[in-house]
Each structure stands twice: as structure tokens, then as C-alpha cells.
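Chemist: Pasting a structure below so you can have a look.
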Amino acid sequence: MKIYKSINEVLTPKKTIITIGTYDGVHLGHKSILEKMKNATLENIYESVVLTFFPHPRMVLQQDSSIKLLNTIDEKGELLDKFGIDNLIIHPFDAAFSNLSAEEFVKEILVDKLNIHKIIIGHDHRFGKNRSADINDLISFGKKYNFEVEQISAKEIDEIAISSTKIRKALLEGNIKLANEYLGYPYFISGKVIEGKKIGRTIGFPTANILLSENYKLLPKNGVYIVWSRINNELRYGMMNIGNNPTLGDNEQSIEVHFFELNEDIYNENLQISILEHIREEHKFNSISELQTQLEKDKVFSEEFIKNLK
């Protein structure tokens, strides 16, 4: 899959099948649309294009910096690639772009730059300055500029919206099992291993402190989770704590992973950590010793859970 950071970079001699959307999570609700895209390009006559935007339009139009997304841009690319999409365009969304009229967007972007043959889009899709145009306008433009418009049904759109809402809600409640069911894969975070306070190693639980690659990534609620990650091409299981370490009197939220049977130095490594199960809430213990006892119990529970996966 080719990834472009701007519509202006795209060069394709073939006609394209295009869809537009945030595709946040690239979850099971998106599956039927992405499979339509793939099937439409099987004979290699056309190329598939997913057009998405960053920053999220709400970050620009409503200046809402509190938005948390299920995927970073890199993660989204990785997930879409698995569906066999030919091209992903992550176009910068800014005030100038938002001021394009509906017809300017269609003619200058879809027709002139992306060589459109067909667009597959939701029946409720709105576009152009102030989101003034709807699916009926798009169909009219299709007749004028000679491209097809395939509407995604209300049922499919509802499935996408319901799935996204439920995934976010489940993650914020720590219900990883439900979130993963809607995603169709284990929810994951990505980040760099940085130095921490190294207190864990003094009680037999050394941890890798993770600095998220992007601060707009949605984290599950604070608590302890069973996770796995691929380190030096080996699958490694462990326990992850998301929280403020109340027993140690910390205030800032941190992400710490204790990998079982790992003796390698992984400082500065970039890891992708898949989250499998929520073990418990984060608690403030009366002493380090009490915390250590609980961690031993968490490890026993985790190892039993992992054994049942294999």
C-alpha cells in the first residue's frame, strides 16, 4: 500500500475507486466497505483509494484538542494495508481546505487529482464548505463529471457508528474483551521504552515505561492488563499498569509493562503492545510489600490466562 501525506503527492495513471472517512479503529464495522473496495479492484483495472484527514476536522473547525482516537496515523496505515487497499491519503485538514466549495472539492480533488471512476460513500455523507452538499449533490456531480456513486446503506453506517461508540465506551470502562470483539483484533498502543524510576526491579517486577507515540491516542481506563508484544521477533507476554502509581505517591499517569522472562535491554525500543484482558483496578496499597504480594497474584492469574490462549 502506498501512503501519501497529501492529495497533491498522488500520481496514478489508473482510474480510482475512492472512499472517504476517518476509519478510526479500522474495526469490523468498516470491513464490508473495505471488502467492496478490494473486490472492485480485483481485475487490476482500477486502484483503491482511502482518503482521510489529519488533524481530525473537529480539531480544526471546533478547536477541540480533547479528541482521542483509536488509532494513530501509522497504526491506521498498518491496519488498512491488511485489507489490500492500494493507496491511503492522509491529507492535512486546515481552514483553507475546509473552505473549498462542494464542486471545487469534486472537480479539483476527486476528478483532476485522484482520477475518480467511482466513490463508495455513506448515504449521510456531507461535504464542501460548511458541509453544505449531500449525497444527492454528489450524484449530480457524478453525472456531470462522469463517475459512479455507490451509497453505503444506513444499516452499514449504523454498524460503523455503533461499533466506534461501543469500542470507546468499552475501553474507557476497562472492558477490553468487548472492545476487542468489536475491533476484530486486540486493541494496541504504540510507544517508546524510556527510563523510569526503576522501583519495580527492587521488588522483582522490572517494568518498561512506555511513552506513547502520539498523545491523541485513546488509552483504556487506569488499571492492570494482560498484554503481549513482539520483541526481537519473539512474542512476549506481560502485565501492564496504566495509572498514577498511588502506592508510590505519583501524580502523573504512566504506562508500565512487566514482561515475563525478559532479560534483554529494551530501552529506546519502539514497541506495539496488544491488550488482551483487564485484570483489576489500580489500588493504593498500604506498603510496597503489599503491592508486591498483589503483583505475584496478578502474575499467577496472567500466566493461567495465557496458558488457556495457547
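The values are calculated or read from the model by the stated rules, or taken from the named source; none is laboratory data. Keep in mind it's a predicted model, so treat the numbers as computed, not measured. Heads up, the Cβs are rebuilt from the backbone with ideal geometry, glycines too, and the neighbour counts pull from every protein chain shown. Just so you know, the surface numbers come from the protein's heavy atoms only, side chains and all, with ligands and any DNA or RNA stripped out. Shrake-Rupley method; radii C 1.70, N 1.55, O 1.52, S 1.80 Å.
Chemist: Between region 261-310 and region 73-109, how far is it from one alpha carbon centroid to the other, in angstrom?
Modeler: 39
Chemist: Still on this structure: Tell me the relative contact order for region 1-150 as a rounded percent, counting alpha carbon contacts under 8 Å between residues six or more apart.
Modeler: This gives 32 percent for region 1-150.
Chemist: I would also like to ask the following. Whole-Å semi-axes of region 1-107's equivalent ellipsoid, largest first, each the root of 5 times a Cα gyration tensor eigenvalue?
Modeler: 23, 18, 11
Chemist: Turning to a different aspect of this structure: How much of the calculated P(r) for region 250-310 lies past 13 Å, in percent of all Cα pairs?
Modeler: Distances greater than 13 Å cover 75 percent of the Cα pairs.
Chemist: Hey, what's the chain come to in accessible area per residue, 1.4 Å probe, Å²?
Modeler: Averaged over the residues of the chain, the accessible area is 51 Å².
Chemist: Turning to a different aspect of this structure: First measure r as the distance between the Cβ atoms of Lys143 and Gln272, then evaluate 1/(1 + (r/R0)^6) with R0 = 41 Å and state the FRET efficiency to the nearest 0.05.
Modeler: With R0 = 41 Å, the Cβ-Cβ based efficiency is 0.35.
Chemist: For region 180-304, what does the relative contact order come out to in percent, with C-alpha contacts under 8 Å and a separation of six or more?
Modeler: Here the relative contact order equals 30 percent.
Chemist: If you average 1/r over all unlike Cα pairs in region 161-240 and invert the result, what Kirkwood radius do you get in angstrom?
Modeler: Radius from the Kirkwood sum: 14.3 Å.
Chemist: Next question, about the same structure. Rank-order 186-194, 267-275 by packing density, defined as the average count of other C-beta atoms within 10 Å over each peptide's residues, highest first.
Modeler: Descending mean neighbour count gives 186-194, 267-275.
Chemist: Right, next: At R0 = 30 Å, how high is the FRET efficiency between Arg126 and Leu42 if r is their beta carbon distance? Nearest 0.05 is fine.
Modeler: Between Arg126 and Leu42 the formula returns 0.45.
Chemist: Want the number for Tyr185 to Lys15: 0.36 nm per residue separation, take away the alpha-carbon distance, what's left?
Modeler: Roughly 58.0 nm would be gained on extension.
Chemist: Give me the base-10 log of I(q)/I(0) for region 87-132 at each q in 0.14, 0.31, 0.32 Å⁻¹, Debye formula, one uniform scatterer per Cα, rounded to two decimals.
Modeler: Result of the Debye calculation: -0.36, -1.31, -1.29.
Chemist: Distance from a point 7 Å along Cα→Cβ of Arg58 to each backbone N in region 190-234: keep the residues under 14 Å and list them by number.
Modeler: Answer for this model: 216-218.
Chemist: Select one label from (i) 59; (ii) 48; (iii) 54: the one whose number is percent of Cα pairs over 24 Å apart as derived from the coordinates shown.
Modeler: Answer label, from the structure shown: (i).
Chemist: For region 154-310, what does the equivalent ellipsoid look like in terms of its semi-axes, each the square root of 5 times an eigenvalue of the Cα gyration tensor, given largest first in whole Å?
Modeler: 27, 17, 16
Chemist: Please express the Cα-Cα pair-distance distribution P(r) of region 67-146 as a list of whole percents, one per 5 Å bin, running from 0 to the bin with the greatest distance.
Modeler: All Cα pairs considered, the percentages come to 3, 12, 19, 21, 21, 16, 7, 1.
Chemist: Now for a different question. Go through region 1-90 and name the trypsin sites (Lys or Arg not before Pro) that are in a DSSP coil and have 11 or fewer other Cβ atoms within 10 Å of their Cβ.
Modeler: In loop regions of region 1-90 (DSSP not H, G, I, E or B), the sparsely surrounded trypsin sites (Lys or Arg not before Pro) are Lys82.
Chemist: Taking H placed 1.01 Å from N in the peptide plane, check which residues at least 5 places from Asp86 or on another chain put their amide H under 5 Å from its amide H.
Modeler: Distant-sequence amide H within range of Asp86: Ser48.
Chemist: Quick one: compute the contact order of the chain, relative version, from alpha carbon pairs under 8 angstrom and 6+ residues apart, as a percent.
Modeler: For the chain, the relative contact order is 16 percent.
Chemist: Can you figure out the FRET efficiency of Lys284 with Lys2, using R₀ = 35 Å and their beta-carbon distance, to the nearest 0.05?
Modeler: 0.10
Chemist: Just going by the charge dipole of the chain, with Lys and Arg at +1 and Asp and Glu at -1 on Cβ, which of Tyr145, Asn180, Gly223 is farthest out on the positive end?
Modeler: Tyr145
Chemist: Also, I was wondering about something else. I'd like to verify something in the chain: which complete DSSP H helices, judged by Cα projection on the helix axis, reach 30 Å or more and average at least 1.6 on the Kyte-Doolittle scale?
Modeler: None clear 30 Å together with a mean of 1.6.
Chemist: Among the aspartates and glutamates, which fall within straight-line cross-link reach of Lys155, defined as a Cα-Cα distance under 15 Å, with same-chain neighbours fewer than 8 residues apart omitted?
Modeler: Asp124
Chemist: Let's see if you can work this out: charge +1 on each Lys and Arg Cβ, -1 on each Asp and Glu Cβ, no other charges. What is the dipole magnitude of region 208-310 about its Cα centre, in debye to the nearest 20?
Modeler: Charge dipole, region 208-310, about its Cα centre: 320 debye, nearest 20.
Chemist: Given a 1.4 Å probe and every protein chain left where it sits, what share in percent of the accessible area of region 161-302 is carbon and sulfur?
Modeler: 47
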